[in-house]
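Step one of this worksheet: look at the structure below.
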Amino acid sequence: MAYPHDLPNHLYIKFGENSSNAYSSLRKLFSSLHNAVLVKERYILLHGGVPTRAKTVDDLAYAHEKHPREPHLEEILWSDPWEDLTGTYASPRGAGKLFGENETDRFLNMLNVKVLIRGHEPSQEGFKVNHSGKILTLFSRKGSPYFNEQGAYLQLDLGFKAEKAFQLKQFIRMF
């Protein structure tokens with residue numbers, strides 16, 4: 001986990017003296033979740049963004065074991081795409097990086113996939129497309145504290161071969 005973070009404070013407000021038990025349970029849950037999902041020759045699914053120093057798929061698979069020595073996990077969880085940026089820039093969120101389309105291209109080519117599907121970032125419509133259609137961001141929460149009007153999720157046939165994220169719009173469900 002990125003540190004410092006405010007999850008323990010939120011848990012204390014909600015659960016009081018039992019907050020440390022809730023935090024421990026969440027840490028166990030988080031450790032059982034996958035870092036990424038790779039749909040061969042089609043898609044890579046991540047929470048946040050591109051791990052800019054990743055060289056192989058193993059860097060994704062074992063990012064949690066290499067953390068914090070290597071930044072892969074932090075970037076997978078907390079990075080965001082940014083238009084009109086080449087390379088990376090420190091994220092104003094305090095963890096992860098902002099990354100440009102050249103980083104997206106390198107990463108997708110390394111994995112031999114066409115589209116990065118991610119979450120992590122609010123969008124007024126519940127989804128957005130970045131980097132010339134190479135990234136689809138879905139945000140499945142609406143309202144406070146983000147004040148976006150729509151949430152969205154993807155109901156995708158994994159056999160569908162999209163070349164660009166724009167082609168996935170038919171599978172987006174908004175609420």
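Compute a Gaussian network model of the chain, connecting alpha carbons closer than 10 Å, and tell me which residue from LYS142, LYS134, LYS28 fluctuates the most.
With Cα springs under 10 Å in the chain, the top fluctuation among LYS142, LYS134, LYS28 is at LYS28.
With charges set only on the Cβ (+1 for Lys and Arg, -1 for Asp and Glu), what does the dipole of the chain come to about its Cα centre, in debye to the nearest 20? Write out the running numbers ahead of the final one.
Numbers: 22 positive and 20 negative charges, 76 e Å.
Dipole size: approximately 360 debye.
With each label point set 7 Å from Cα along the Cα-Cβ vector, what nm distance links TYR12 and SER144?
Label-label distance for TYR12 and SER144, simple model: 2.2 nm.
Please list 3J(HN,Hα) in residue order for the range 71-84, calculated via the Karplus relation 6.51 cos²θ - 1.76 cosθ + 1.60 where θ = phi - 60°; whole Hz, with x for glycine and proline.
Here the 3J(HN,Hα) series is x, 4, 4, 4, 6, 4, 7, 10, 7, 9, x, 9, 6, 6 Hz.
Ranking ILE172, ILE13, ILE44 by Cβ neighbours within 10 Å, fewest first, what do you get?
Numbers: ILE172 18, ILE13 9, ILE44 22.
The order, fewest Cβ neighbours first, is ILE13, ILE172, ILE44.
Which is farthest toward the positive dipole end of the chain among SER32, LEU108, THR88, measuring Cα position about the Cα centre, with Cβ charges +1 (Lys, Arg) and -1 (Asp, Glu)?
So the residue furthest toward the plus end is SER32.
Under a GNM of the chain (C-alpha, springs under 10 Å), which listed residue has the highest mean-square fluctuation: LEU26, LEU77, LEU138?
So, out of LEU26, LEU77, LEU138, the one fluctuating most is LEU26.
Run the count for the range 15-107, please: Lys pairs, Cα-Cα under 25 angstrom, 8 or more apart or on different chains.
Working: LYS28/LYS66; LYS40/LYS55; LYS40/LYS66; LYS55/LYS66; LYS55/LYS97; LYS66/LYS97.
The result is 6.
Run the numbers on the range 34-174 and let me know its relative contact order in percent, using alpha-carbon pairs under 8 Å that are six or more apart. Spell out each step's value before the answer.
Numbers: 311 pairs, mean separation 28.4, N = 141.
Answer for the range 34-174 is 20 percent.
So, R0 is 35 Å and r is the distance between the beta-carbons of ARG106 and LEU29; what FRET efficiency does that work out to, to 0.05? Can you show the working numbers first?
Values: r = 32 Å, r/R0 = 0.91.
Given R0 = 35 Å and the Cβ-Cβ separation, E is 0.65.
Taking the Cβ of LEU156 as the centre, find all other residues whose Cβ is under 12 Å away and add up their charges (Lys, Arg: +1; Asp, Glu: -1). If you can, show how the numbers build up before the last one.
On the way: positive: ARG42, LYS161, LYS169, ARG173; negative: ASP157.
Cβ neighbours under 12 Å give a net charge of +3.
In what order do LYS97, LYS164, LYS55 fall by count of nearby beta-carbon atoms within 10 Å, going from fewest to most? List each step's numbers first, then the result.
Details: LYS97 25, LYS164 14, LYS55 9.
Arranged by neighbour count, lowest to highest, LYS97, LYS164, LYS55 become LYS55, LYS164, LYS97.
How large is the Kirkwood hydrodynamic radius of the range 114-169, counting all unique pairs of alpha carbons, in Å?
Working: mean 1/r = 0.0868 Å⁻¹.
After inverting the pairwise mean of 1/r, the radius is 11.5 Å.
Volume per residue, Å³, of the convex hull around the alpha-carbon atoms of the chain? Walk me through the numbers before you get to the answer.
Numbers: hull volume 22.4 nm³, N = 175.
Roughly 128 Å³ of hull volume per residue.
Want the number for SER20 to GLN124: 0.36 nm per residue separation, take away the alpha-carbon distance, what's left?
Details: separation 104, 0.36 × 104 = 37.44 nm, distance 3.43 nm.
Here the segment from SER20 to GLN124 would lengthen by 34.0 nm.
Please check: in the Gaussian network model of the chain (C-alpha springs, under 10 Å), which one of TYR12, TYR43, TYR146 has the largest mean-square fluctuation.
TYR12
Check which residues have an amide H placed less than 5 Å from LYS164's amide H, if you skip close sequence neighbours.
For LYS164, whose amide H was placed from the backbone, there are no distant partners under 5 Å.
Bear in mind these aren't lab numbers, they're just calculated from the coordinates by the rules spelled out. For clarity, every value in this text was computed on a predicted model and none was experimentally measured. Note that each Cβ is placed from the backbone with ideal geometry, even for glycine, and that neighbours are counted across all protein chains shown.
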